[in-house]
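Encoded as C-alpha cells, the structure appears first; notes follow it.
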Amino acid sequence: MADRKHGRAAPPTESTIRSEDWDGRDLSGQGYTRVEFADVDLTETSGQGAAFTECTFRGVRFNVSSYTDTAFLNCAFVRCSFFDATLTGCKLVGGMFDGCTYGLLKVEGGDWSFTGLPGADLRGSSFRGVRMREADLTGARLQKASFRDVDLSGAWLHKADLSDCDLRGSDLSSLDPNTTALARAVIDPYQAIVIARALGLDVREA
C-alpha cells in the first residue's frame with residue numbers, strides 16, 4: 001500500500017463487511033466507523049449526509065455512485081473503482097488512495113485536504129471548487145483533466161503531468177514548473193504570472 005503523507009499509518013479497522021451487493025442502495029444519513037469494506041459492490045449507490053470515519057475500502061466498486069455532503073474522513077481506498085462517480089460537497093480529509101481507477105470521476109466542491117493521491121491516473125476527471133490543501137499528487141496523471149478553482153496551496157505536485165489540464169482559477173503557488181509537465185495546460189493570466197515568477201522571471205508592467 002502507498003505510504004501516507006507525513007508517515008501517518010492507516011487506521012485499524014474493528015469490523016468487516018465482505019462481498020456484499022449493495023448495488024443501488026441509498027446510504028443517506030448512515031454512519032460507519034473503522035469498518036473494512038472488502039469487495040463490496042456500491043455501484044449506483046447514493047447518499048446524502050452519510051459518514052465513514054477511518055474506514056478501509058478494498059476492491060470496492062463505487063461506479064456510477066453519487067454522494068452529496070458525505071464524509072469519508074481519514075479513510076483508505078485500495079484498488080477501488082470510481083468510474084463515472086459523482087461526489088458533491090464531500091469531505092475526504094486525510095484519505096489515502098492506492099491503485100484505484102477514476103475514469104470520468106466528477107468532484108464538485110468539498111474538502112480533500114491532506115488527501116494522498118500519489119501516482120493517481122486522473123486523466124479526464126473533473127474537480128471544481130474543491131479544497132485540496134497539501135494534497136499529495138506526486139506523479140499523478142492529470143492529462144486532459146479539469147481542475148477549475150481548486151485550492152492546491154501546499155499540494156505536492158512533483159513529477160505530476162498536467163498536460164492539457166484546465167487549471168484556470170486554481171491556486172498554483174506550490175507548483176514547480178521545472179518538475180511538473182505543463183504542455184498545453186490551460187491557465188489564466190494571473191496564473192501565468194505565478195508560473196513565470198516560479199521560473200525566476202522578473203515580471204514587470206510595460
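Laboratory data are not the source of any read-out in this text; all were calculated from the coordinates shown. These figures come from a predicted structure and were not determined experimentally. Neighbour counts run over all protein chains shown; Cβ positions are idealised from the backbone, glycine included.
A few comments on the model shown:
- Each principal axis of the Cα cloud of the chain was evaluated for its coordinate range; sorted largest first, these ranges are 63, 31, 22 Å.
- Residues of the range 187-202 with an amide N closer than 16 Å to a point placed 7 Å from the Cα of residue 179 along the Cα-to-Cβ direction: 198-200.
- Local charge for residue 24 was computed over the other residues whose Cβ lies under 13 Å away, with Lys and Arg +1 and Asp and Glu -1, and equals -4.
- Gyration tensor verdict on the range 112-206 (Cα atoms; rounded if a/c is under 1.5, prolate if a/b is larger than b/c, oblate otherwise): prolate
- With contacts taken as Cα pairs under 8 Å and at least 6 residues apart, the chain reaches a relative contact order of 11 percent.
- 222 nm mean residue ellipticity, helices alone, for the chain (DSSP H n ≥ 4; -39,500 (n - 2.57); rounded to 500): -1500 deg cm²/dmol
- Label-point separation, residue 26 to residue 190 (7 Å along Cα→Cβ), nm: 4.1
- Whole-Å distance, taken between Cα centres, linking the range 67-114 and the range 133-160: 14
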